[in-house]
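Participant: Please find one structure pasted underneath; my questions will follow.
The values are calculated or read from the model by the stated rules, or taken from the named source; none is laboratory data. Just so it is clear, the structure is predicted and the values come from calculations on it, not from any experiment. Every residue, glycine as well, gets a Cβ built from its backbone with ideal geometry; the counts of neighbours run over all protein chains shown.
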């Protein structure tokens, strides 16, 4: 039963558009799936390999701009961005890895944080190449209806899930976990830590970048502050995984579900809407203190908490 | 030609003054880094809090920002102590898969501070229009036949001098007092310090407070020459950690030198490439430091000391 769980969930999700949901609900579901792709990408690097990144907006934005720029300069459909973003992100991840993976722990996190900021500034300043702060707009969206967008993002998510599952259950997955637990010990056992950290970074970057390319097509408009922000993308990515469960298969999807619904809920409240980052920050602090391994990781702790309450 | 030289020297002066202020931000971060082994990503946001304190003191009571250093610094000290005691210390004990939970926690704190400031004070740009804001000293006033003209802005120089004073006071505190020595011992080796009878946990709390107080002081010094908005913290957090890496992780002397280097480099990029590129210049020097000087300025200092 457990073996077929992903397939069952996929089948249910395939049938979802038949339920005749309103286009607002579909929009939220699409965002949830998109965020779970980003979360899965982050989870591979941060959760399994232990390299916490605060700059996934950099990868997301690069993917989005890869799609946007081929449309803007070459005039071909931005959907090619889904393909173009793969080599672009692989190359840039190699360069980023060469620089940032020299650092360990918190310093790696910092260097990625700087990266996101720098790309935002660069994209805003290279006016001729990226159209600067005015951003890139797709003049005509491919479909008005959300169903096709839904299926495309679902296929991407299923592919990402399969990729992550295959990678983490192979030898590579064990190498990643070994690096997370103790890099020096892993090194002394003959694991080429630099190589495997770079592989994790590339995979993570490509997944996030493809999600970015999808975002460009789906939203139809990007500018430097919507695709390279620190809090709204990079930190939310970390939160999606932290809330859902670090280094678990279902954690990112669960976290994306909770975070996107929570964000919509908070934003729709009239007066509290402006303070959504405060509430997110407090949630982050509470999660780190009480559920450090997320909902999926601390499931046992959660159930025990509820069981204890019942007799009282 | 003289115009070029003038521009270069003027940029150098501006960079040096900016560097002195940056050093103060970097020092607080390096202290926290040294003792707690975590990077405080709420550093810039703490500075933003201090700037708002100085701003409101100026707007409501006409208190000069340089006097509010004496108000904001203790206030930030206690804020830092509170954060460390009630949020960061409990997390240090929690077992989890990821080792960097404290760093993520500081991000959460920064996020809350920045957003609360937006909610309460709106995201308008604010500044304190002090009377001496545009006062400056010119070289030709003192030396009539000077071949080139240079100027020295009064608030910048004053901020720089106060920053240097605070740095010197900190140096005496770390070298001469028992608490300072305990902090340095904790930074060098936590276990050894514990065995020598240093109350490591108390030192952590004091250090975080001290780091927050330093950046709070920097905030008060920045407000007469800069403007204020709620999300300005991020930018100064970046400045702080670039300095920490440039100076060598957790080294206080390195942080001072790193601050000056960064200040000069940033003025140069702003003058010769344009204002918007300054953050990119910051990142370039960061990358260069990582590739060519991974130990930071501190490693050079250490080498020289050993050479003697």
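Participant: Condition check: part of a helix (DSSP H, G or I) and either free of Cβ contacts under 8 Å to residues at least 12 places away in the same chain or over 21 Å from residue A:235 (Cα atoms) (or both). Does residue A:128 satisfy that?
Facilitator: Answer is yes for this residue.
Participant: In this structure, does residue A:210 turn out to be touching a residue at least 12 places away in the same chain (Cβ under 8 Å), closer than 30 Å to residue B:237 by Cα and in a loop (DSSP other than H, G, I, E, B)?
Facilitator: no
Participant: Report yes if some residue within segment B:116-132 is in contact (Cβ under 8 Å) with a residue 12 or more places away in the chain, within 8 Å of another protein chain (Cβ to nearest Cβ) and assigned to a helix (DSSP H, G or I); otherwise report no.
Facilitator: The answer is yes, given that some residue of segment B:116-132 is in contact (Cβ under 8 Å) with a residue 12 or more places away in the chain, within 8 Å of another protein chain (Cβ to nearest Cβ) and assigned to a helix (DSSP H, G or I).
Yes or no, residue by residue, for (1) closer than 25 Å to residue B:169 by Cβ; (2) surrounded by fewer than 24 Cβ atoms within 10 Å (Cβ to Cβ); (3) in contact with a strand residue (DSSP E or B) (Cβ under 7 Å, 6 or more places away or on another chain); (4) without any contact (Cβ under 8 Å) to a residue 12 or more places away in the chain:
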site	(1), (2), (3), (4)
B:11	no, yes, no, no
B:16	yes, yes, no, no
B:22	yes, no, no, no
B:26	yes, no, no, no
B:29	yes, no, no, no
B:45	yes, no, no, no
B:48	yes, no, no, no
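Participant: A follow-up question, please. Sort out for me the helices (runs of 4 or more DSSP H) sitting completely within segment B:32-102 that have 1 or more residues that are under 22 Å from the mean Cα position of the chain (by Cα).
Facilitator: By residue number, B:43-61, B:65-83.
Participant: I need the full set of residues from segment A:43-79 which are under 10 Å from the mean Cα position of the chain (by Cα), under 26 Å from residue A:130 (Cα atoms) and within 14 Å of chain B (Cβ to nearest Cβ), in order please.
Facilitator: Matches in segment A:43-79: A:56, A:57.
Participant: Further, regarding this structure: Is it the case that residue A:30 is over 30 Å from residue A:175 (Cα atoms) and at pLDDT 90 or above?
Facilitator: Considered against the rule, which asks whether it is over 30 Å from residue A:175 (Cα atoms) and at pLDDT 90 or above, residue A:30 comes out as yes.
Participant: Can you tell me how many residues in segment B:80-98 are in contact with a helix residue (DSSP H, G or I) (Cβ under 8 Å, 6 or more places away or on another chain), more than 7 Å from chain A (Cβ to nearest Cβ) and modelled with pLDDT under 85?
Facilitator: Counting residues in segment B:80-98 that are in contact with a helix residue (DSSP H, G or I) (Cβ under 8 Å, 6 or more places away or on another chain), more than 7 Å from chain A (Cβ to nearest Cβ) and modelled with pLDDT under 85 gives 3.
Participant: For the list (1) over 29 Å from residue A:161 (Cα atoms); (2) at pLDDT 85 or above, I need the number of the one condition that residue A:305 fails.
Facilitator: So residue A:305 meets the others, but not (2).
Participant: Residues that are at negative phi and in contact with a strand residue (DSSP E or B) (Cβ under 7 Å, 6 or more places away or on another chain): does segment A:42-64 have at least one?
Facilitator: yes
Participant: Identify, from the list A:191, A:199, the residue that is farther than 22 Å from residue A:292 by Cβ and assigned to a loop (DSSP other than H, G, I, E, B).
Facilitator: A:191 is the lone residue from the list that is farther than 22 Å from residue A:292 by Cβ and assigned to a loop (DSSP other than H, G, I, E, B).
Participant: Please go through segment A:157-216 and give me each residue that is touching a helix residue (DSSP H, G or I) at 6+ places or on another chain (Cβ under 6 Å) and exposed (fewer than 15 other Cβ atoms within 10 Å of the Cβ), ordered by number.
Facilitator: A:187 - this is the single residue of segment A:157-216 that is touching a helix residue (DSSP H, G or I) at 6+ places or on another chain (Cβ under 6 Å) and exposed (fewer than 15 other Cβ atoms within 10 Å of the Cβ).
Participant: Among residues belonging to segment A:1-24 that are free of Cβ contacts under 8 Å to residues at least 12 places away in the same chain and surrounded by 14 or more Cβ atoms within 10 Å (Cβ to Cβ), point out the one that is farthest from residue A:154 (Cα to Cα).
Facilitator: If we take residues in segment A:1-24 being free of Cβ contacts under 8 Å to residues at least 12 places away in the same chain and surrounded by 14 or more Cβ atoms within 10 Å (Cβ to Cβ), then A:21 is farthest from residue A:154 (Cα to Cα).
Participant: Further question on the same structure: Among the residues of segment B:138-150, count how many are in contact with a helix residue (DSSP H, G or I) (Cβ under 7 Å, 6 or more places away or on another chain) and closer than 23 Å to residue B:66 by Cβ.
Facilitator: Residues meeting the conditions: 0.
Participant: Moving to a separate point now. Those residues that are over 17 Å from residue A:121 (Cβ atoms), within 13 Å of chain A (Cβ to nearest Cβ) and assigned to a helix (DSSP H, G or I), I need them from segment B:248-288; list them, please.
Facilitator: The one that is over 17 Å from residue A:121 (Cβ atoms), within 13 Å of chain A (Cβ to nearest Cβ) and assigned to a helix (DSSP H, G or I): B:288.
Participant: For residue A:97, only one of the following conditions fails: (1) at pLDDT 85 or above; (2) away from chain B (no Cβ under 11 Å); (3) over 21 Å from the mean Cα position of the chain (by Cα). What is its number?
Facilitator: The single condition residue A:97 does not satisfy is (3).
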